[in-house]
Each structure stands twice: as structure tokens, then as C-alpha cells.
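Right, one structure below, let's go through it.
Laboratory data are not the source of any read-out in this text; all were calculated from the coordinates shown. Model, not experiment: these values are computed from the prediction. When we count neighbours, we look across all protein chains shown, and the Cβ atoms used for this are built from the backbone with ideal geometry, even at glycine.
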Amino acid sequence: MSEWEPKILAFLCNWCSYGAADLAGVSRMQYPPNLRVIRIPCSGRMSPKFVLSAFMNGADGVWVSG
Amino acid sequence: MIGYIDKIREVALKLLNEEKVDMVIGYRQGSLPMMTEPCFVKRPEDVETLIWDSNCRINLAAYLMDRKEKIGIIAKGCDSRNIINHLVENKIKREQLVIIGAPCKGMIDNKAIALQFGQDIDEYQETEDQITVKGGGTEKTFQKVDVLQENCAICNHRNPVVYDELAGDLVEEQTDIDRYEDIRKIEAMDIDEKWNFFEDMLSTCIRCYACRNACPLCYCPTCFVDESKPQWVGKSNDPNDTRTFHFLRAFHCAGRCTDCGACERACPMDIPVRLFTKKLGKDCLDLYGWEAGLDPEQRPPLDTFKPDDPNVGMK
Amino acid sequence: MEYMGIDRDRLHFSWVSSAEASKFITVVKEVTASVKALGPATKFVKDRRQVS
Amino acid sequence: MKVIQIDTNQWTEGLAKLEGSYRMFGPAETEGKYPEFKELEKGDVPNLNVSNTHLSAKSVVYPQSEVMFEYTLDEAKEDHHQLREIEKDYSPRAVFGIRPCDAAANLIIQRNFDSKEYRDPYWVDAFESCVFIGHACENPGATCFCTSVGFGPFNEDGLDLLLVESDNGGFLAKVITDKGAVLAKSAGWETETDAAALEPLKEAAEAKIRSKVNTDQLAKQDAKDLFDAPIWEDIGFACLNCGTCTYSCPTCWCFDIQDEVKDKSGIRMRNWDSCMYPLFTLEGSGHNPRPEKHHRIRQRFMHKLKYYVDKYQAGVQCVGCGRCVRLCPVNIDIRTVCEKMNSYKPA
């Protein structure tokens with residue numbers, strides 16, 4: 001079996017990091033494929049229950065970015 | 001402190017007679033020794049049922065939420081801070097309230113006394129500094145300072161923060177106390193120790209939500225644990241769900257909790273749930289210099305943004 | 001989270017502007033590396049058998 | 001029925017013998033925690049020194065969370081979206097040290113779960129797999145009022161064997177049912193003794209119960225009058241709707257069914273619920289027939305002390321264990337409420 005890869009859930013703000021991710025994409029930049037992105041309308045939408053829910057549903061890490 | 005009752009009754013009587021309020025919320029004697037029952041008084045002739053002693057533990061602010069009447073309410077330091085919370089969060093209007101402040105020297109921990117006494121208590125008496133309990137043919141006297149509830153022993157806001165009348169002279173605030181010794185102890189543990197510590201602590205939790213329901217801060221029409229679409233938290237007493245509940249409940253009280261101890265007192269299993277809320281209280285104090293419920297004009301730190309807010313762990 | 005017994009490196013916060021694609025990449029790499037170093041999450045993972 | 005004498009050695013040996021043929025349950029105390037009923041590990045003995053467990057013994061038959069079905073939502077599997085019953089262990093259980101109040105409470109719950117119309121398989125199968133070895137209360141507590149609600153510290157309802165502590169550290173065991181006789185035999189407890197020894201102990205224990213409640217008028221009261229009585233707002237004011245009373249109560253049987261799904265596998269389980277919670281009666285439309293806390297308080301007391309009384313004509317739905325009285329954070333006392341209901345006279 002290949003090396004274990006973590007599953008990381010990323011909560012990205014629509015206006016900031018999600019935009020950055022988009023820009024990274026169109027610029028053809030390379031980055032690790034471990035992220036599963038959830039777009040949130042604003043980092044203010046973030047709630048601690050999202051984080052715990054992520055861990056309960058099998059995420060190995062959570063990243064919140066505004 | 002035990003002499004307050006005359007003044008409380010006098011004020012209550014006056015308020016009701018002059019129809020300044022529709023009801024007065026206070027305490028009456030419970031059916032068990034060392035217990036009081038929160039109650040309301042609407043008729044002047046019932047004022048005599050009100051009592052005041054070191055067993056008035058319950059936070060009366062929990063009975064104010066969304067009430068429409070004009071209310072007279074007895075408020076200890078912690079109660080008054082929770083009243084301010086309600087004012088800040090628009091759960092009640094200041095004009096509705098006549099606050100009878102009760103400077104408090106701490107309420108006693110009836111469970112600890114029962115445990116130390118070792119048998120059923122039939123009778124209870126108190127003086128200014130001493131508690132005497134009788135039962136099973138013996139009696140025992142305790143110094144009140146030795147049997148205070150833990151949150152009362154470390155209380156730094158004994159005097160009501162807001163009041164219209166006072167039931168007695170203001171008392172001296174405690175300044176030489178270490179409020180967060182237990183929290184620091186947990187903070188010093190390593191990751192797995194912490195995990196196991198809470199695992200053990202919560203193992204007896206029966207998910208009755210008494211802590212939530214007793215809390216004057218918890219008034220959401222639908223609590224996140226009761227939501228089923230999406231189901232944030234499982235409904236069984238699985239340890240992960242229990243932990244999630246306690247953890248999130250504490251988060252919801254961050255910057256609002258006055259450490260009144262209502263949650264711990266309500267817990268039928270005596271789980272020290274304040275260890276969660278106190279940690280967040282400590283963080284609010286350390287990071288923002290904030291203590292909840294001191295000023296009705298000031299917005300809480302998690303409600304405002306300032307350019308110099310600390311960035312904890314931000315990249 | 002740390003107080004509860006969850007590793008600090010499992011939960012990350014950051015600020016990235018929509019113009020900062022390269023910062024985004026740096027942070028992704030950092031986050032991935034630190035979570036990878038910790039190995040699979042074992043806490044908050046529900047075991048069905050515990051409820052019966 | 002015969003009475004057996006068990007000395008300390010026979011007691012320990014008997015327990016060891018029973019381990020092979022029964023799942024053993026009994027009060028267990030962990031350090032720093034309250035004593036509770038638990039399934040005992042091999043070699044552990046039930047702790048009969050506790051006055052009573054903190055919560056009731058109902059969880060032995062009726063666990064707080066019980067998985068009933070499992071299913072998969074994975075359409076690649078043949079039986080997707082079909083409920084599969086969970087296999088349960090209904091091998092014989094020996095429940096040691098249950099107090100007479102908790103044992104009697106099981107019979108009250110039985111009226112609900114095992115009626116002519118309905119049979120709840122989970123509860124009934126678990127109940128029938130149990131042998132209840134009661135422990136008589138020679139020193140009832142200050143909040144015990146079992147004698148007022150038709151039971152008592154030596155009550156035998158719902159028990160198969162009743163243990164009474166004897167002077168030499170052992171027990172006198174009264175054999176009440178055949179199930180109890182079988183268990184006593186397989187434990188090797190067979191020394192018969194004089195049954196007359198129990199009577200004075202029983203009377204002495206009953207005399208120690210100081211808390212008395214009147215329930216005699218409840219059946220005669222008009223349910224509608226009580227429902228509309230102006231007492232409820234006053235009674236319910238202090239209530240925090242914490243649900244402690246219902247969770248600690250040995251006779252409260254309400255439950256809620258919930259699904260939990262993770263990825264594509266799901267379970268359907270039931271958990272204790274409480275009439276103290278607003279959610280208990282919240283309807284899909286958003287309407288709640290018991291919106292205020294005094295409605296819910298009224299429901300709890302009316303159910304226990306009036307509706308049940310009328311429906312089954314078998315007394316009140318309370319065994320007088322006093323747990324709710326002790327644990328209520330605001331001291332709402334079922335005894336006081338019962339007196340108010342009992343003596344209520346409509347205007």
C-alpha cells in the first residue's frame with residue numbers, strides 16, 4: 001500500500017482564500033491534493049461545530065482560512 | 001448576610017403595594033434541609049414566604065428570559081452579572097426590572113456538607129459564619145468559609161454590579177484569590193493526558209442536559225444538540241457525542257459565562273463542567289482583559305472587532 | 001481544542017487574500033505536512049460498537 | 001416460601017458458581033464516582049454496601065441508548081435501505097442488590113411495554129432474561145417514601161429472591177419465585193432456616209420510614225379539575241426543565257427514536273427522552289402543545305399521579321425511591337406536589 005495520506009477539510013472564505021485557491025489553479029501552481037474544500041460565504045460563518053463534525057466524520061485535519 | 005431578609009421583604013412589599021412590579025422573584029424554603037426553591041410572589045400578603053440564607057444558590061437571572069411583566073428580582077453578584085448579560089443580549093429591558101441587590105459572601109455547598117456529615121440531615125441552622133447540621137442523633141458545626149461552593153470561594157464579584165435597592169451593606173471583594181489554579185493544572189497536561197482526563201470526567205454523563213437547561217445563558221429556541229438535520233451531535237451517550245456537547249456548550253458561553261456555577265449545581269452526576277467554561281473565561285481575560293456581565297454598555301469581545309485583537313495561532 | 005486533548009496541529013487558521021496564490025500554496029503545504037506528521041486522527045472517531 | 005441462610009463463604013462461592021451460567025449485574029462503585037448498576041466483570045462482586053445506586057436500576061433492562069436496527073445506504077449492496085435487526089444477548093442475567101423500590105418499578109414499566117395490545121420485544125426479552133435478587137432496606141433514607149405508595153423496604157414485587165443482611169455478615173434469602181429457587185440452587189445456597197426471623201426486621205425497617213404522603217384521594221379527583229387547577233404555575237416556576245427527575249426515575253419509560261448515519265452505514269436507536277424538554281412534544285408543523293414549562297411539569301405529575309392511576313387502577317406511577325427529590329436542583333418535591341393534588345378542591 002502506498003504511503004498514508006491525510007484527509008484535510010478546508011473551510012475557505014469565498015472572498016479570500018477561496019479566491020486564492022482559484023488563482024493558484026488558473027496559474028497552474030502545484031499543491032498537495034489532500035484538501036477537501038468547503039466554500040463558506042465568510043469566515044464569520046465558521047462554527048466550532050463544523051470542526052468537530054469534520055473530525056467525527058473522518059477528517060484528519062481541519063484548516064480554516066479567511 | 002442572614003439579616004437581609006427583613007429588608008428584602010420590606011422592599012418586596014413596597015414594590016407590590018405600590019404596584020411598581022407585577023411579581024417579585026426570590027427564594028422560598030425548600031422541602032429538604034439546605035435547599036431553597038426559586039419562587040415568585042405576586043400578592044403582598046405572600047411576601048412572608050420569601051427567605052434568604054446561604055442556600056440561595058440558584059441563579060435567578062435564569063427566570064427572567066423573555067418575560068413581559070415588570071419584575072422585582074433579588075440579585076447576588078453573579079445574578080446581577082447575568083442580568084447584565086441579558087440586557088446586553090436584549091433578553092429583557094432594564095425598565096422592566098427593579099433589582100434588589102444582595103451583597104453575597106458565598107453560598108454553601110450542600111452536597112459537600114452532606115458528604116462530610118455522612119448521614120441524613122434533618123435540621124439545619126446558620127449564623128453569620130457557621131453552619132450547624134443535625135441528624136441521626138448527632139450534630140456537626142462547620143465554618144462557612146470551609147464549605148463554600150467552589151465558584152463562590154473564588155468569586156471576585158460578590159457585590160451586585162447593578163441594583164436599585166440594597167438588602168444590606170456592600171461586602172469586601174476578595175482580591176487575594178487564585179481563580180484558575182485547576183485550569184492551569186489541566187493546561188500543563190500533555191495532549192493524551194488531557195484527553196484521558198476529560199474522557200474519565202465525562203464518563204458518567206447521562207446527557208440529560210441539566211447543565212444547559214440550568215444555565216442562564218442557554219436560551220436558544222433549538223439547541224444544536226437537538227438539531228437533526230444536519231445532526232451535529234449523535235443523541236446517544238457515546239463518549240464522542242458527550243464530549244462534543246460539553247465542548248460546544250462551553251464555546252457558546254465564551255465571553256458570556258459569569259461562573260455562577262448553575263451548571264455544576266444542576267448536574268445530577270456532579271461532573272465539574274465548569275472546567276470547560278472557566279477555561280474560556282480565563283482565555284477571555286488573558287486575551288481581551290474581559291470579564292462578562294460588568295457593564296451593560298460594553299459589547300463583548302467576540303461580538304466586536306478591533307484592529308489590535310490578538311491573533312492566536314494565525315498564519 | 002488543545003485544552004480538550006486534540007493536537008494543535010490538526011486545526012489550522014490563516015488569513016490569505018484572494019491575490020495571494022503563492023501564500024495559499026505555502027499554507028497548504030504546511031498544513032498538509034503537519035497533519036501528515038501526526039498520522040491518522042483517532043480521537044472523535046466513533047466506534048459503532050460502543051453503543052448497544 | 002422458604003428462607004435460606006447464606007454465610008459469607010457460601011456467598012462468595014455462590015457468586016463464583018453463578019458466573020458461569022449468568023451475566024452478572026450489580027451496584028459497582030468506581031473511585032470518585034457514584035455507585036451505579038453495571039454489568040460486572042469476571043471475578044467482581046456486587047457491592048451491597050451502597051445504600052442505593054445514584055441512578056435507578058432501570059438501565060439493566062432498559063439502557064439509556066439501545067441500538068435496534070442497522071442499515072446501509074450503499075446501493076452496491078443487495079440489502080441497501082433495509083433495516084436489519086441487531087442481534088442481542090438475552091442469555092440469563094442475575095441482577096444483584098436491586099432495592100425493592102427499583103424492582104417494583106420494573107413492574108410499573110411492564111404495564112407499558114408488555115400489554116395486551118403491544119409487546120416491546122427489547123424490553124420484554126431483557127426483562128424476562130433477568131433474575132432479580134433484591135436487597136432489603138434495613139436503613140431507609142430520609143427521602144424514601146415507599147410505604148406511602150404501596151410498597152415497602154422489604155417489598156417483594158418484581159423480585160425473585162430477597163436478601164436480608166444477617167448479623168454474621170451473611171444474608172437471609174427469601175425465595176419468592178421459581179426462577180429465584182433455581183438460581184439459589186445453582187449457587188449452592190440451600191440451608192433452609194426459619195422464616196419468622198424476617199418479620200420483626202421488616203417491621204423495624206418500615207417503622208424507620210418517616211416520610212409519608214397521602215395518595216388516597218387521587219383516584220377520586222376529577223382529571224380535568226386537576227389539569228385546570230391554578231397550582232401549576234406556582235409549582236412549575238422554579239423548574240429548569242433539566243430532566244434530572246425523569247432520567248433518575250425508575251418508572252419513567254419514555255424514549256425517542258433517532259437515526260445516526262456515518263458515511264453510508266446507519267443505525268436506528270432509541271434513547272431515553274424526557275417530558276421536561278420542549279422538544280418532547282414539538283410537532284413537525286412547529287406547533288408545541290406543551291410550550292411552557294408549567295405545562296410540562298403538569299404533564300409529569302399528572303401522568304404519574306393521575307393518568308396512570310386512572311388508566312391502570314394499580315396505584316400511582318411512583319415507587320417512592322426519593323431520587324427526584326434528592327437530585328432536583330431547585331427542590332421541586334413530588335411529595336409536596338402529591339399532597340397538593342391529593343387535597344385539591346376545585347373552587
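Taking the helices alone, chain D has a mean residue ellipticity at 222 nm of -8000 deg cm²/dmol, built from -39,500 (n - 2.57) per DSSP H run of at least 4 residues and averaged over all its residues.
For a modelled paramagnetic label at residue D:233, 7 Å from Cα along Cα-to-Cβ, the residues of the range D:267-300 in reach, with backbone nitrogen under 20 Å, are D:289-300.
Under the 0.36 nm per residue contour assumption, what length would be gained going from the current alpha-carbon distance of residue D:199 and residue D:259 to full extension? Before the final figure, lay out the partial values.
Details: separation 60, 0.36 × 60 = 21.60 nm, distance 5.11 nm.
Length gained between residue D:199 and residue D:259: 16.5 nm.
Helix B:239-252 against the longest principal axis of chain B: what's the angle in degrees, Cα atoms only, rounded to the nearest 10? Result, in degrees: 70.
So between residue B:89 and residue B:315, what do we pick up on full extension, going 0.36 nm a residue minus the alpha carbon distance?
Gain in length upon complete extension: 78.1 nm.
The charge dipole of chain D, taken about its Cα centre with unit charges on the Cβ atoms of Lys, Arg (+1), Asp and Glu (-1) only, comes to about 1120 debye. A straight Cα-to-Cα reach below 17 Å connects residue B:14 with the lysines B:42, B:70, residues fewer than 8 places away in its own chain not being considered. Each Lys and Arg adds +1 at its Cβ and each Asp and Glu adds -1 at its Cβ; summed about the Cα centre, the protein assembly as shown shows a dipole of about 1900 debye.
With a ≥ b ≥ c taken as the square roots of the eigenvalues of the C-alpha gyration tensor of the range D:1-143, please select rounded if a/c is under 1.5 and otherwise prolate if a/b is larger than b/c or oblate if it is not? In terms of gyration-tensor shape, prolate.
For chain B, the residue among B:47, B:110, B:24 whose Cα projects farthest onto the positive side of the dipole built from Cβ charges is B:24. In whole Å, what is the distance between the alpha-carbon centres of the range D:283-347 and the range D:64-108? About 29 Å separates the Cα centre of the range D:283-347 from the one of the range D:64-108.
Among rounded, prolate and oblate, which fits the protein assembly as shown when a ≥ b ≥ c are the square roots of the eigenvalues of its C-alpha gyration tensor, a/c under 1.5 means rounded, and a/b larger than b/c means prolate?
Because a/c hits 1.5 or more and a/b fails to exceed b/c, the protein assembly as shown counts as oblate.
Among the GluC sites (Glu not before Pro) found in the range D:23-116, those both in a DSSP coil and sparsely packed, with 15 or fewer other Cβ atoms within 10 Å of their Cβ, are D:29, D:31, D:41, D:75, D:78, D:87. Once the Cβ-Cβ distance of residue B:19 and residue B:222 is raised to the sixth power relative to R0 = 41 Å, the FRET efficiency obtained is 0.65. Against chain B, whose longest principal axis comes from its Cα atoms, helix B:77-88 is set at around 60 degrees.
For chain D, rounded, prolate or oblate, judged on the Cα gyration tensor with a ≥ b ≥ c (square roots of eigenvalues), a/c < 1.5 rounded, else prolate if a/b > b/c?
Here chain D falls in the oblate category.
What residue among D:274, D:148, D:186 has the largest mean-square fluctuation in a Gaussian network model of chain D, using Cα springs under 10 Å? So, out of D:274, D:148, D:186, the one fluctuating most is D:186.
Among D:133, D:235, D:267, the residue with the largest mean-square fluctuation in a Gaussian network model of chain D, with springs joining Cα atoms closer than 10 Å, is D:267. In a fully extended conformation the segment linking residue D:168 and residue D:39 would gain 43.7 nm over its present Cα-Cα distance, using 0.36 nm per residue.
Entry note, chain D: relative contact order of 21 percent, from Cα contacts under 8 Å with a spacing of 6+ residues. Its relative contact order, with pairs defined as Cα atoms under 8 Å and 6+ residues apart, puts chain B at 16 percent. With respect to chain B, whose longest principal axis is taken over its alpha-carbon atoms, helix B:4-17 is tilted by about 80°. In units of the rule-of-thumb radius 2.2 N^0.38 Å, the range D:180-308 shows an alpha carbon radius of gyration of 1.61.
Every helix of 4 or more DSSP H residues in chain B counts as -39500 (n - 2.57), and over all residues that averages to -8500 deg cm²/dmol at 222 nm.
Loop-located trypsin sites (Lys or Arg not before Pro) across the range B:1-57 with a Cβ neighbour count of 16 or fewer within 10 Å are B:20, B:42, with loop assigned by DSSP. Under a Gaussian network description of chain B, with springs only between Cα atoms under 10 Å, the residue in B:270, B:176, B:66 that fluctuates furthest is B:176. For the range B:67-129, give the magnitude of the charge dipole about the Cα centre (Cβ charges: +1 Lys/Arg, -1 Asp/Glu; no others), in debye to the nearest 20. For the range B:67-129, the charge dipole is close to 760 debye. Beta bridges per DSSP, both residues in chain D: antiparallel share near 75 percent.
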